[in-house]
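The values are calculated or read from the model by the stated rules, or taken from the named source; none is laboratory data. No experiment lies behind these values; they were computed from the predicted model shown. As a convention, Cβ positions derive from the backbone with ideal geometry for all residues, glycine included, and neighbour counts pool all protein chains shown.
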Amino acid sequence: AQSVTQLGSHVSVSEGALVLLRCNYSSSVPPYLFWYVQYPNQGLQLLLKYTSAATLVKGINGFEAEFKKSETSFHLTKPSAHMSDAAEYFCAVTDTGRRALTFGSGTRLQVQP
Amino acid sequence: EAGVTQFPSHSVIEKGQTVTLRCDPISGHDNLYWYRRVMGKEIKFLLHFVKESKQDESGMPNNRFLAERTGGTYSTLKVQPAELEDSGVYFCASSQGRGPYEQYFGPGTRLTVT
């Protein structure tokens, strides 16, 4: 069965600092990988997705993630944090056999002024 | 274009009562999914409809949960009778096509069973 591990349930950064949210997956087949963000009182919004094209994926709001098969990782980064980035971030995986997303436990990002 | 909508946004019921959650997917999306997040846990898949048919219901916790999708449009998720452990946020999502397309999520229904 697939699984996703997000290291760090809470991450705090200063405004303007690098954001790095970690995601490792386990999958026996080439996966499709996603990062979603949930702002307060809203649904999940897709930030970016990897579907076996370019390993460096650019998403919305300046976020990007790099698929590293050798490390089974798909970490999310943003060079400079904004206050508006404060939210909960979810890494998710699926494969060609199923549509259901398997989520990590989420990382709550706090941005300090 | 309207997004995925869910009703109600919040529901508080007593143990043993029945609750029905509704999801309206994005128009034209054949795929509809239900997920649940119990407090402190990860978001977990419940089931997947393709039009009106259940494609995958491997995540349904037990037979107290009944999902339907009338005419391939909106979907309902009924919990009967509700138990304390059913409390959480229930998300609905929809997508189009047959590939790993983006799933569009609704805002969720927060269910509290007391």
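One residue is enough: does the stretch B:61-70 have a residue meeting the conditions under 21 Å from residue A:94 (Cα atoms), in a loop (DSSP other than H, G, I, E, B) and at the interface with chain A (Cβ under 9 Å from one of its Cβ atoms)?
no
Criterion first (surrounded by fewer than 14 Cβ atoms within 10 Å (Cβ to Cβ), out of contact with any helix residue (DSSP H, G or I) (no Cβ under 8 Å at 6 or more places or on another chain) and modelled with pLDDT of 95 or more) does residue B:16 satisfy it?
yes
Taking the criterion of being in contact (Cβ under 8 Å) with a residue 60 or more places away in the chain and either closer than 23 Å to residue A:16 by Cβ or in contact with a strand residue (DSSP E or B) (Cβ under 8 Å, 6 or more places away or on another chain) (or both), would at least one residue in the stretch A:42-57 satisfy it?
There is no residue in the stretch A:42-57 that is in contact (Cβ under 8 Å) with a residue 60 or more places away in the chain and either closer than 23 Å to residue A:16 by Cβ or in contact with a strand residue (DSSP E or B) (Cβ under 8 Å, 6 or more places away or on another chain) (or both).
Within the stretch B:75-86, which residues are part of a loop (DSSP other than H, G, I, E, B) and surrounded by fewer than 17 Cβ atoms within 10 Å (Cβ to Cβ)?
Result: B:80, B:81, B:83.
Name the single residue that is farthest from residue A:108 (Cα to Cα) among those in the stretch B:60-73 being surrounded by fewer than 17 Cβ atoms within 10 Å (Cβ to Cβ) and not polar (S, T, N, Q).
For the stretch B:60-73, the residue satisfying everything is B:71.
Please work out if residue A:16 is small (Gly, Ala, Ser), under 26 Å from residue A:112 (Cα atoms), more than 14 Å from every other protein chain (Cβ to nearest Cβ) and free of Cβ contacts under 8 Å to residues at least 24 places away in the same chain.
Against the criterion (small (Gly, Ala, Ser), under 26 Å from residue A:112 (Cα atoms), more than 14 Å from every other protein chain (Cβ to nearest Cβ) and free of Cβ contacts under 8 Å to residues at least 24 places away in the same chain), residue A:16 does not qualify.
Is it true that some residue in the stretch A:33-53 is hydrophobic (A, V, I, L, M, F, W, C), over 20 Å from residue B:93 (Cα atoms) and within 11 Å of chain B (Cβ to nearest Cβ)?
No, every residue in the stretch A:33-53 fails to be hydrophobic (A, V, I, L, M, F, W, C), over 20 Å from residue B:93 (Cα atoms) and within 11 Å of chain B (Cβ to nearest Cβ).
Conditions first: (1) within 14 Å of another protein chain (Cβ to nearest Cβ); (2) within 25 Å of residue A:89 (Cα to Cα); (3) of a type outside the set (Phe, Trp, Tyr). Residue B:85 passes all but one, so which condition is the exception?
Failed condition: (1).
Can you name every residue in the stretch B:21-50 that is loosely packed, with under 13 Cβ neighbours inside 10 Å and closer than 18 Å to residue A:100 by Cβ?
Residue satisfying the conditions is B:41 alone.
Considering the stretch B:88-114 alone, what residues qualify as being in a loop (DSSP other than H, G, I, E, B) and within 14 Å of chain A (Cβ to nearest Cβ)?
Answer for the stretch B:88-114, where residues must be in a loop (DSSP other than H, G, I, E, B) and within 14 Å of chain A (Cβ to nearest Cβ): B:96, B:97, B:98, B:99, B:100, B:101, B:102, B:103, B:106, B:107, B:108.
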